[in-house]
Amino acid sequence: MQIKATPISDLLIIQPTVFEDNRGYFYESYNKTLFDQHGIDVDFVQDNQSLSQAGVLRGLHFQNPPFAQGKLVRVIKGAILDVAVDLRKNSPTYGKHYDLELNEKNKTMLWIPPGFAHGFLTLENDTIFSYKCSNYYNKASEDTLLWNDKDIGINWDIDEPNLSEKDKFGKDFKNFISLF
């Protein structure tokens, strides 16, 4: 397993070692000892999974403290454009985002620590997205930033994604007050 830095501190790309042969493949998607060795001291308490069709955009979601969540995200089937936005007020990359494609072929994962908004655009039908959480879901602490906010400047490369009602009316970043 390789753990690589991104331009945003603490946001990490996880590339598992994949063993493939004529039967299929095997890889370790999480190893606490390896994560601890790379400074990711986390206890996961909840696993979530979603199925989405191409063009579905989910996000940009986060939970405010004290229910903030770190997430280890990956795609089991299909492909997504995955995006994390730094909401940590004292971070030099506050308000900046990082995106990469996660798919069933590259098996790449992303560690998104607490203090980030997260979203993804589904690139293929029947995409299965899975993630581990470091804290339980708490509806009262849930929040959403507007997916197409110009101040964040994410290039989703889609004009009219399939959105939930919640995601259509996310907060704009200019008036957002971070609790992180």
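Table for the structure above
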| item | result |
| --- | --- |
| Restricting segment 92-152 to chymotrypsin sites (Phe, Trp or Tyr not before Pro) in coil, as DSSP defines it, with at most 11 other Cβ within 10 Å | Tyr136 |
| Cβ-placed point charges (K, R +1; D, E -1), dipole of segment 2-175 about Cα centre in debye, nearest 20 | 320 debye |
| Low-density loop positions, trypsin sites (Lys or Arg not before Pro), segment 136-172 - DSSP coil, at most 10 other Cβ in 10 Å | Lys150 |
| Net +/- balance of residues flanking Asp99 in space, Cβ distance below 13 Å, scoring K and R +1, D and E -1 | -3 |
| For Thr93, distant residues with modelled amide H under 5 Å away | none |
| Helical contribution to [θ] at 222 nm, DSSP H n ≥ 4, -39,500 (n - 2.57), averaged over the chain, rounded to 500 | -1000 deg cm²/dmol |
| Amide hydrogen neighbours beyond the local backbone of Gly115, cut-off 5 Å, H modeled | Gln69 |
| Segment 1-75, relative contact order in percent, only Cα pairs under 8 angstrom and at least six apart counted | 14 percent |
| Which labelled figure in (i) 19; (ii) 46; (iii) 14 is percent of Cα pairs over 30 Å apart, once derived from the coordinates | (iii) |
| Antiparallel bridges, percent of DSSP beta bridges restricted to segment 2-175 (to nearest 5) | 95 percent |
| Gap separating the Cα centres of segment 7-55 and segment 87-105, nearest whole Å | 16 Å |
| Within-15-Å neighbourhood charge of Ser9 [Cβ basis; K, R +1; D, E -1] | +2 |
| Contact order relative to length of the chain, as percent, for alpha carbon pairs under 8 angstrom and 6 or more apart | 29 percent |
| Amide H contacts of Lys171 (H built 1.01 Å from N, under 5 Å, at least 5 apart or other chain) | Thr144, Leu145, Leu146 |
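Values in this text are rule-based calculations from the coordinates and carry no lab data. Note that the structure is predicted; figures quoted are calculated from it, not measured. We place every Cβ from the backbone using ideal geometry, glycine too, and count neighbours over all the protein chains shown.
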